[in-house]
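Structure first, commentary second.
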Amino acid sequence: MAKKKPLVVVTRRLPEVIETRMCELFDTRLNVSDRPATHEELVEAVRTADVLVPTITDRIDSGLIGQAGDQLKLIANFGNGVDHIDVASALRRSITVTNTPGVLTEDTADLTMGLILAVARRLVEGARTIPDGAWGGWSPTWMLGHRITGKRLGIVGMGRIGQALARRASAFGLSIHYHNRRRLPVEIEDQLEATYWESLDQMLARIDIVSIHCPHTPATYHLLSARRLKQLRPHAIIVNTARGEIVDENALIRMLEADEVFGAGLDVFEHEPAVSPKLIKLAKAGKVTLLPHMGSATNEGRVDMGEKVIINIKTFMDGHRPPDRVLPSML
């Protein structure tokens, strides 16, 4: 007698090749509309599914997990960050949580380097001038940005993505500085030619560009607070491709409005998908570059993420520990 396939509920559209493979392997319920699931739909999902495959747009909090049926044994997140999932509550209900680490490292580092260049050289602002009919020809003093070669880059969070950014930034002649929960081994510091700062405040006061790459946890909420942002020098650039909640967005907006920093490049927002109207106004004025959370948005990256989800589900359903299990102690 054939073994019953687990019911896998997927909350958003995934790459077609991943959805097809899931349908072959599991009893899969897809979201063909690709709109974010409502709370009621998530409740129905956790009450019926053996495996839930959520994304960052789904809030899997303790209240939702408390309504899960006994059959729900795995939350296989499509994505690296799990700040939208109450991992501790899941563990108390004997529900395993997995994620998809590593596969978006290079894509996010690429985009971050692009944002650094875009803000420093005012690329988005400049690109708008020709379609808008605002370009009257070359001028020696118009659309001046900043050279990045020889500048100091401060990386907040020196994990996979932070290190990948450091390698790219070194090729552009940037000096690498970093603050991390734990200092890197000496051999990695030597490879990256990176300077470690135990004090984030001291690092921020000395760098030209700050790039954020730590996870969002209770300990990193508003890590770049209003007080810390004030440490930055007026020519500094802030880039965030991690999570919006790590930066006090209102404080950053006030500094941009007052020209207390040169500019910012943001791929994430504190209250996304909502974006502050003040940020949009600043973007129109050329003081900030805004992207729609597209750090991992490559075909290759999203397929790799989906393949990791499948491996985690299949390994778990075969009675083994999934390779990308997340525990509260890891956060």
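The values are calculated or read from the model by the stated rules, or taken from the named source; none is laboratory data. Everything quoted here is computed from the prediction, not taken from an experiment. Using ideal geometry, Cβ is built from the backbone for each residue, glycine included, and neighbour counts are taken over all protein chains shown. Heavy atoms of the whole protein, side chains included, go into the accessibility calculation; ligands, DNA and RNA do not. Shrake-Rupley method; radii C 1.70, N 1.55, O 1.52, S 1.80 Å.
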Condition check for residue 30: crowded, with 21+ Cβ neighbours inside 10 Å, in contact with an Asp or Glu (Cβ under 8 Å, 6 or more places away or on another chain), modelled with pLDDT of 95 or more and aliphatic (A, V, I, L, M): no
Just wondering, is there one or more residues in segment 97-119 that are in contact (Cβ under 8 Å) with a residue 24 or more places away in the chain, within 20 Å of residue 67 (Cα to Cα) and assigned to a helix (DSSP H, G or I)? no
Exactly one of (1) surrounded by 16 or more Cβ atoms within 10 Å (Cβ to Cβ); (2) under 30 Å from residue 58 (Cβ atoms) is unmet by residue 299. Its number? (1)
Tally up the residues in segment 192-223 that are at pLDDT 95 or above and over 16 Å from the mean Cα position of the chain (by Cα), please. 18
Pull out all pairs, ordered by first then second residue, where Cβ-Cβ is under 7 Å, the residues are six or more apart or on different chains, the first lies in segment 44-57 and is open to solvent by 10 Å² or more (accessible area, probe 1.4 Å), and the second is among the hydroxyl-bearing types (Ser, Thr, Tyr). 55/11
If I filter segment 230-244 for residues that are open to solvent by less than 10 Å² (accessible area, probe 1.4 Å), assigned to a helix (DSSP H, G or I), in contact with a Ser or Thr (Cβ under 9 Å, 6 or more places away or on another chain) and farther than 29 Å from residue 18 by Cβ, do I get at least one hit? no
Please determine whether any residue of segment 90-101 is under 20 Å from residue 241 (Cα atoms), buried (at least 23 other Cβ atoms within 10 Å of the Cβ) and either at pLDDT below 95 or β-branched (Val, Ile, Thr) (or both). yes
I need a count of the residues in segment 150-174 that are of a type in the set (Lys, Arg) and surrounded by 20 or more Cβ atoms within 10 Å (Cβ to Cβ). 1
Can you list residue pairs whose Cβ atoms sit under 6 Å apart, with the first residue in segment 1-21 being of a type in the set (Asp, Glu) and the second being in a loop (DSSP other than H, G, I, E, B)? Count only pairs 6 or more apart in sequence or on different chains. 19/30
For segment 318-331, give me each residue that is open to solvent by 50 Å² or more (accessible area, probe 1.4 Å) and under 24 Å from residue 28 (Cβ atoms). 318, 319, 320, 321, 323, 325
Of the conditions (1) within 21 Å of residue 231 (Cβ to Cβ); (2) small (Gly, Ala, Ser); (3) not in a helix (DSSP H, G or I), residue 173 fails just one. Which one is it? (1)
Enumeration of residues in segment 126-149 that are open to solvent by 40 Å² or more (accessible area, probe 1.4 Å) and under 27 Å from the mean Cα position of the chain (by Cα): 127, 128, 146, 147, 149
Counting only residues that are open to solvent by 50 Å² or more (accessible area, probe 1.4 Å) and either aromatic (Phe, Trp, Tyr) or under 24 Å from the mean Cα position of the chain (by Cα) (or both), which one in segment 180-191 is modelled with the highest pLDDT? 183
Residue 184 passes all but one of the listed conditions (1) touching a helix residue (DSSP H, G or I) at 6+ places or on another chain (Cβ under 9 Å); (2) more than 30 Å from residue 72 (Cβ to Cβ); (3) outside any loop (DSSP other than H, G, I, E, B); the exception is number (3)
Given (1) in contact (Cβ under 8 Å) with a residue 24 or more places away in the chain; (2) under 21 Å from the mean Cα position of the chain (by Cα); (3) open to solvent by less than 60 Å² (accessible area, probe 1.4 Å), where does residue 275 come up short, assuming only one miss? (1)
